Every structure is written in C-alpha cells, then in structure tokens.
1. Given the structure, is A:GLU10 surrounded by 13 or more Cβ atoms within 10 Å (Cβ to Cβ) and either within 14 Å of chain B (Cβ to nearest Cβ) or in a helix (DSSP H, G or I) (or both)?
2. Considering each residue of segment A:20-62, count those that are crowded, with 19+ Cβ neighbours inside 10 Å and in contact with a Gly (Cβ under 8 Å, 6 or more places away or on another chain), and give that number.
3. Do we have A:THR60 as more than 14 Å from chain B (Cβ to nearest Cβ), within 10 Å of DNA strand C (Cβ to nearest atom) and out of contact with any helix residue (DSSP H, G or I) (no Cβ under 7 Å at 6 or more places or on another chain) here?
4. Suppose we filter A:VAL93, A:VAL103, A:VAL128 for residues that are surrounded by 17 or more Cβ atoms within 10 Å (Cβ to Cβ), touching a Gly at 6+ places or on another chain (Cβ under 8 Å) and among the aliphatic types (A, V, I, L, M); which single one remains?
5. So which pairs qualify, if the first residue must be in segment B:29-46 and at positive phi, the second must be open to solvent by 30 Å² or more (accessible area, probe 1.4 Å) and within 9 Å of DNA strand C (Cβ to nearest atom), the Cβ gap must be under 7 Å, and the two must be at least 6 apart or on different chains?
6. So, in segment B:19-37, of the ones that are more than 9 Å from DNA strand D (Cβ to nearest atom) and not in a helix (DSSP H, G or I), which residue ends up farthest from the other protein chains (Cβ to nearest Cβ)?
7. What is the residue count in segment B:6-28 for residues that are more than 21 Å from B:GLU102 (Cβ to Cβ), without any contact (Cβ under 8 Å) to a residue 24 or more places away in the chain and of a type in the set (A, V, I, L, M)?
8. Would you call A:PHE130 more than 7 Å from chain B (Cβ to nearest Cβ) and in contact with a helix residue (DSSP H, G or I) (Cβ under 8 Å, 6 or more places away or on another chain)?
There are 2 protein chains.
Amino acid sequence: MSCGSLYASELRARGYRMTPQRMLILHILHSAGTHLSPTEIFATAKKEFPRLTEPTVYRTLDFLTENGLVRPAHRGNGHHVYEIARHEHHHLVCRVCGGEVEVEHKVLAKLYRELETASGYRLTDSHVTFFGLCPGCQKGD
Amino acid sequence: MSCGSLYASELRARGYRMTPQRMLILHILHSAGTHLSPTEIFATAKKEFPRLTEPTVYRTLDFLTENGLVRPAHRGNGHHVYEIARHEHHHLVCRVCGGEVEVEHKVLAKLYRELETASGYRLTDSHVTFFGLCPGCQKGD
DNA sequence: ACTGTTATTGCAAAAAGTTGCAATAAGGAA
DNA sequence: TTCCTTATTGCAACTTTTTGCAATAACAGT
C-alpha cells in the first residue's frame, strides 16, 4: 500500500475524500522536505494541474492541517508556511540570516503541564516560533 | 508631560517622527485595552482621520512593533492582531469559545535559557500562542 | 458496473495586505 | 519664525487570502 493510499483511507475513515488536488499538494510538500508558502505551492502545483485554483490551495492546506497531515508555521512576517507533518516540532529562526533550527516539542512538555495546572485549560496545540540571533550572526554584533 | 509626548520624545531620540497618524493609532490601541486587527484599527481611525489609508495603518503597526510600542499576537487564523505594549506576555486561547487568558513571559524564562544553551542562538523574541479548551468548554466534551 | 449523495472544486468577486513613488509635513538648524 | 532635509504619508496598482455558490466528481451502496 503506497503512502498516498494510506492517507486516502485515513481520510475516508473520517468521512472525507482523497482527491487529485490533495494528493498533489501532499506530494509537493513531501518532496520539498521543507516548508513552503501557499503561493509557492500554488505555482508548483499549477504546472502539474493547470485547472487548480488558489482557493483550492488555501482550503486544502486548511483541511490537511485540521486532519494533521500538514503543519503550519510562521516566519515572523505574519504569513503561514506549511510543511508535511512529521514529528511535532517548532522553529527557532535567526532574525538576521533567516537560518533556522528545529525545537523538539518534547522540550515544551513540562511547560505545557505547568500551564494546564495554572490555567485549568487543556492544551491541544500551539503556534510557537522563537526568534533570535544564530551563533554566526552574533559575531557581527 | 502627557503620555503621547513621552512616546514622541522616545521616537525622536531614535531619529523618527511622531505624527498624528501614529498618535491616533496608539490612542486607539490604548483605549481599546485589548487586541485589534488592522482592519478594526483602520475602521476606527478613519472616522477621526478620513484621509488615513490602509497602507499607513499597516506600516504604522510594523513601525510601532519594531519600536516596542505595540505587540503583535496571533489568534490561530494566521492573521495578526495588535495591542499596546504592556508587560511581556503570551496568550492561551480556547479553540471552542475563543476565550483567552494571558501567560506571563516569566513562565517561559527557563525554557528560553534551555533553548539558548542547546542551540547557541541568542533569543530576542518569539511568537507564541497556546490553544486548548478552557475549563468551561471541557465539560461539553 | 451503475446510481445517488454530498464533499470538494472552480469560478467570480470581494476583502486584506503589500509595494513603488511623488507629494507632504515633522522638526532640527539658522 | 523661516528654511531645509528627509521621514512619512497618500495614492494607485498589485498580490495574497477569503467567501458564496453552482458544477463536478469521489465513493458507498446496490
């Protein structure tokens, strides 16, 4: 069973459908291996699938996010980028060169527990990006 | 010395200028006491100052953010909202009712230090919003 | 394989956010 | 107060993102 049909049965089990558009966007994100903006995804996908439209890209990304197949991240400009969902992680981005490292979600586990105890909320997810200066860019000041 | 002229001299000391537009937007955010979207800010400000335009609002918010007078936050839809800079804090937002509580930045201090040690980055700021279910909405499921 | 239900898409139009550039005005210096 | 420099604004055009609705197509059931 291929990777694509695994996704398909996952979705079908929840009453959704696998479509060529969703397959294509998953494939693009998968082979990119890094995060892409909706515009980049649209540009790439349009080549394969000329009838594709922007609203479909945005709705597909929302849909895949809600179903846990992709994950959104932010890079400081207020816009989202998306990447294939792998292990749960966050980003630490250099304000100068844009370089970044991943932060394992595990590192936030204790904080999560503290917040749940203090607030009474049950935490489900979070949007977390840290910004700073990478070791290289600290030297220039 | 009024609150406004205090801001003004702060900006002038850095080579920037205080303008009626900046004053107005600061005033709107200050009296709102909560976070507002650029669109809400524009709508409110336009009444006072009909010549104001959207680009000015966006650029002003960026400017005030860079100068530490306002702070951006996100509410899960990928768009920014802005609030007057008070003490540094983050948000914990209920996915069901939208209710929220503030999370003191102090709570993240230890995590910051751990991240700096582990990564070699020097952290300057972050975009952090936690999502979950508030105590009330946990009952309904 | 065919049929019916309805999730999903494309289209069109609107809303939100961005960019380049010439005109304006803040505020330091004379 | 007046002049000069240049940070900032408004305008116009553009890109990105969202929304409503009718047409399409996935797929469960026969």
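The values are calculated or read from the model by the stated rules, or taken from the named source; none is laboratory data. Since we're looking at a predicted model, the values are computed, not measured. Cβ sites come from the backbone with ideal geometry, for glycine too, and all protein chains shown count toward neighbours. Heavy atoms of the whole protein, side chains included, go into the accessibility calculation; ligands, DNA and RNA do not. Shrake-Rupley method; radii C 1.70, N 1.55, O 1.52, S 1.80 Å.
1. yes
2. Result for segment A:20-62: 1.
3. no
4. A:VAL93
5. Short answer, once both residue conditions are applied: none.
6. B:GLY33
7. Qualifying residue count for the region: 5.
8. No, not satisfied.
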